[in-house]
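Here the structure is laid out as structure tokens; the discussion comes afterwards.
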Amino acid sequence: MSGYYGTMLLASITTIALGTGMYHFFFDKNIMDSIYWFFVETDSYLWWNLGIVNAVFFSVAGAAVGIWTTGSTIMGAGVKAPHIKTKNLISIIFCEAVAIYGLVIAILMTTSMPQWKIDYAGDIEILNKLRHGGYVAFGCGTIVGVANLCCGAVIGVVGSGTALADASNPSLFVKILLFEIFASIIGIYGLIVGVFLTSKLPTL
């Protein structure tokens, strides 16, 4: 199933790239001018909000994937080994923490977003600050979201293995739990980078 979604994503990206290239080839457009126009003319608040959306969406998606993978294994293995249900809830907690990381960054970016005033329309310096802030917020949200997506997927796989190992041999639980802790640190790396980038958002 994951291979199917990966193929669809690759096909979509390829289609967009080919369509863009054919448009510029047949209509004699300079692609660099179009890219420059896109980044300059796109509203800075759009980039800011896209960063917030990316932080929340990918983080929650990572948590969902982790809970889906780990939870199904715990429920299945718990039929034969009921003692694993309570201990292995820590894997679910790790997955939920991934979503919280994204929410924290989204809240920080939302509170840092300056309120638009009509006086800003003619001030080039303020508009440049807003554009810079939009790019930083977009990059921040994307980095945090993708890091948490990967973190949730890894925790799900490792947590699933932890549940199966615990069902087979309970003495292995603490040893394998260390791998899950190291996997959860991936999300903390993204959170640290996100907090650092939000501190660089401009204030007006």
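Values quoted throughout were computed directly from the atomic coordinates according to the rules given, and no laboratory measurement underlies them. Bear in mind that the values here come from a model prediction, so they are computed numbers and not experimental data. Every residue, glycine among them, receives a Cβ derived from its backbone with ideal geometry; neighbour counts consider all protein chains shown.
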Label model pair Trp68, Thr42: point-to-point distance (7 angstrom along the Cα→beta-carbon line) in nm is 2.7 nm
Summing +1 per Lys or Arg and -1 per Asp or Glu among the other residues with Cβ less than 12 Å from Ile92's Cβ gives 0
Segment 189-204 and segment 109-185 have their Cα centres apart by a whole-number Å value of 12 Å
When the charge dipole of segment 42-198 is computed with +1 at the Cβ of Lys and Arg and -1 at the Cβ of Asp and Glu, the Cα pointing farthest to the positive end, of Tyr45, Tyr101, Thr142, is that of Tyr101
